[in-house]
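**Q** Structure incoming, see below.
The values are calculated or read from the model by the stated rules, or taken from the named source; none is laboratory data. For clarity, every value in this text was computed on a predicted model and none was experimentally measured. For neighbour counting, all protein chains shown are included, and Cβ atoms are generated from backbone atoms with ideal geometry for every residue, glycine included.
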Amino acid sequence: MTTGSSTAPNFEHRRRMHPRRPQTTLAERWTLVDGIDVFYRESVNPPDAPVMMHVHGFGLSGRYLLPTAEKLADEFHTLVPDLPGFGRSGKAPDQLDVPDLARAAARFLDDRGIEKVTLVGNSMGCPVICEFAYHYPERLERAVLVSPAGGVHNQPLRRAVAQLAKDGGREPRKMVGVATPDYLRFGVPSTFKMFRALTQYPSLERLLSMHVPTLVVLGDRDPLLPKAARIQEIASLTDNHVLVVSMESAAHAINFSHPDELAHVIRLFMEDKPIRDHAEGNKHTRIVEVHRGTLHPEPKPE
């Protein structure tokens, strides 16, 4: 593995060519992993806290994950990378599939000297986390899967496109300004290749084989998800460590649209506390626990 730092000449050149104002309260940094420029954001403090890395979705960068990541940055050593081929990071020589992206995530953590991590993913980021758990179970403390995507409910491509279009009308208007540049940069050819890779990925098999405490957060207005009965059926297929929570009034990009509520649920999950509504959150956003696997830690008394 080849690593580097933000002092490398290619990063200075990249800064001169693409001057930007910071988009976040987190530090914006570059590194070199396996010969690819990787852009990431990182909390400055607390450096010795448990590590939490946020994994973005299909065609996007980590930028739309920042509202939630920033709210957790005082409690966790927070990382928000753009995976290779996405956002401001460089492209791999070949188009990456889900296993490749999981390996890229592991390589990035190696580069940062991090052995164990909690991963928080949205949409396509959830299959990437499941694959990470499959290959590197000893490195994963906990997993948070927000609006998992990539299953049969999102196939074929025209159905997924229609679902995304429907979801677009349910997301905050500001999401358009965040997502559009990322989608344009990712490009149409990459979109078709990545979607094909998602359809070939055994998402359900990997999810059911996970053996770490796992939180699944679902928006009840998310058109990319199957109906509640099917979700309950899937959750009941195993007695594993899965905790499923429903968030009313939320669609697909919960990390962007409902950061206060999502950060609140993640804190409760990390501390094994009972799931409850966020007192200071949106009054229309009711948070409900819908499934708790028999192996998932029981809530600690408060």
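**Q** Just one of the numbered conditions (1) over 17 Å from the mean Cα position of the chain (by Cα); (2) surrounded by 15 or more Cβ atoms within 10 Å (Cβ to Cβ) is not true of residue 250; which one?
**A** Tallying (1) over 17 Å from the mean Cα position of the chain (by Cα); (2) surrounded by 15 or more Cβ atoms within 10 Å (Cβ to Cβ), residue 250 fails exactly one: (1).
**Q** Let me ask another. Does residue 194 satisfy being surrounded by fewer than 24 Cβ atoms within 10 Å (Cβ to Cβ), among the hydrophobic types (A, V, I, L, M, F, W, C), farther than 16 Å from residue 214 by Cα and modelled with pLDDT of 90 or more?
**A** Taking the combined requirement at face value, the residue does not satisfy it.
**Q** Related question: So, residue 131, is that one in contact with a helix residue (DSSP H, G or I) (Cβ under 6 Å, 6 or more places away or on another chain), of a type in the set (D, E, K, R) and either over 22 Å from residue 267 (Cβ atoms) or modelled with pLDDT of 95 or more (or both) or not?
**A** yes
**Q** Okay, moving on. Looking at residue 150, is it at pLDDT below 95 and within 18 Å of residue 209 (Cβ to Cβ)?
**A** Yes, satisfied.
**Q** Still on this structure: Find all pairs meeting these conditions: Cβ atoms under 7 angstrom apart; at least six residues apart or on different chains; first residue within the range 40-60 and surrounded by fewer than 24 Cβ atoms within 10 Å (Cβ to Cβ); second residue assigned to a loop (DSSP other than H, G, I, E, B) and of a type in the set (Phe, Trp, Tyr).
**A** 49/76; 50/76; 51/76
**Q** Of all residues in the range 221-256, which are farther than 20 Å from residue 120 by Cβ and not small (Gly, Ala, Ser)?
**A** Those that are farther than 20 Å from residue 120 by Cβ and not small (Gly, Ala, Ser): 221, 223, 226, 227, 230, 232, 233, 234, 237, 238, 239, 248.
**Q** Which residue is modelled with the highest pLDDT, if the candidates are limited to the range 214-245 and must be out of contact with any helix residue (DSSP H, G or I) (no Cβ under 7 Å at 6 or more places or on another chain) and hydroxyl-bearing (Ser, Thr, Tyr)?
**A** It comes out as 214.
**Q** If you scan the range 182-214, which residues turn out to be in a helix (DSSP H, G or I) and touching a strand residue (DSSP E or B) at 6+ places or on another chain (Cβ under 9 Å)?
**A** Within the range 182-214, 207, 208 qualify.
**Q** Examine the range 227-237 for a residue that is buried (at least 19 other Cβ atoms within 10 Å of the Cβ), more than 24 Å from residue 165 (Cβ to Cβ) and within 17 Å of the chain's Cα centre (by Cα), and state whether such a residue exists.
**A** There is no residue in the range 227-237 that is buried (at least 19 other Cβ atoms within 10 Å of the Cβ), more than 24 Å from residue 165 (Cβ to Cβ) and within 17 Å of the chain's Cα centre (by Cα).
**Q** Kindly provide the set of residues from the range 75-98 that are surrounded by fewer than 20 Cβ atoms within 10 Å (Cβ to Cβ) and touching a Pro at 6+ places or on another chain (Cβ under 7 Å), ordered by number.
**A** 90, 91, 92
**Q** Right, another one. For the list (1) at positive phi; (2) surrounded by 15 or more Cβ atoms within 10 Å (Cβ to Cβ), I need the number of the one condition that residue 219 fails.
**A** Failed condition: (1).
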